[in-house]
1. In the list I97, I117, I79, which residue meets the criterion of being in a loop (DSSP other than H, G, I, E, B) and β-branched (V, I, T)?
2. Keeping to the range 47-68, report how many residues are over 19 Å from N80 (Cα atoms) and of a type in the set (A, V, I, L, M, F, W, C).
3. Filter the range 53-69 for residues that are part of a helix (DSSP H, G or I), at pLDDT below 95 and either under 16 Å from G116 (Cα atoms) or of a type in the set (S, T, N, Q) (or both) and give the result.
4. If the Cβ limit is 7 Å and pairs must be 6+ apart or interchain, which residue in the range 115-131 that is basic (K, R) pairs with which residue that is not in a loop (DSSP other than H, G, I, E, B)?
5. Filter the range 58-69 for residues that are out of contact with any strand residue (DSSP E or B) (no Cβ under 6 Å at 6 or more places or on another chain) and touching a residue at least 24 places away in the same chain (Cβ under 8 Å); which is farthest from K101 (Cα to Cα)?
6. Sort out which residues of the range 93-131 are on the phi > 0 side of the Ramachandran plot and crowded, with 21+ Cβ neighbours inside 10 Å, and write them in order of number.
7. What residue, among those in the range 73-92 that are of a type outside the set (V, I, T) and touching a strand residue (DSSP E or B) at 6+ places or on another chain (Cβ under 9 Å), is nearest to L43 (Cα to Cα)?
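The values are calculated or read from the model by the stated rules, or taken from the named source; none is laboratory data. Remember, predicted model here, so these are calculated numbers, not experimental data. No Cβ is skipped: glycine too gets one built from the backbone with ideal geometry, and neighbour counts run over all protein chains shown.
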Amino acid sequence: MLKLSLIFIILLLSTACAQNDPNKEITNQELSDLLSSKKGIVLVDVAEPDEHSEARLEGAVNVPIMGLKDNFEKEFPNINKDDEIVLYCYSGMRSAIGVEKLNELGYTNVKSLVGGISKWKKEGLPVKSTE
């Protein structure tokens, strides 16, 4: 468990710069407009399954961060490396890490939702839940 925690901390520190890169982030307003336009995007919740069932964006697929690199292409076998991908989690930290992981796999158009679903909900934007 300690080893896993250290790996997570290293990943977190290594992606701190990515969170401030506007080319790797998308705001609530930008995502809301994108979703309204019905433009085809891949929307991925990198939170844990229990978090995903509690609150998620409509159309999002849950691929938890710990298995993102191993499972992304299994979940989306027909995706192109330049397709628009938006990742989110509760606060935006894990999704920023996810952007870097997908960049390492060759995906070039990946963004993290700034502030995650918590900020999305605070701004009164719609979420789905199984409750």
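1. So the residue among I97, I117, I79 that is in a loop (DSSP other than H, G, I, E, B) and β-branched (V, I, T) is I79.
2. The total comes to 5.
3. S53, E54
4. K119/N28; K128/R56
5. I65
6. Of everything in the range 93-131, just one residue is on the phi > 0 side of the Ramachandran plot and crowded, with 21+ Cβ neighbours inside 10 Å, namely G116.
7. L87
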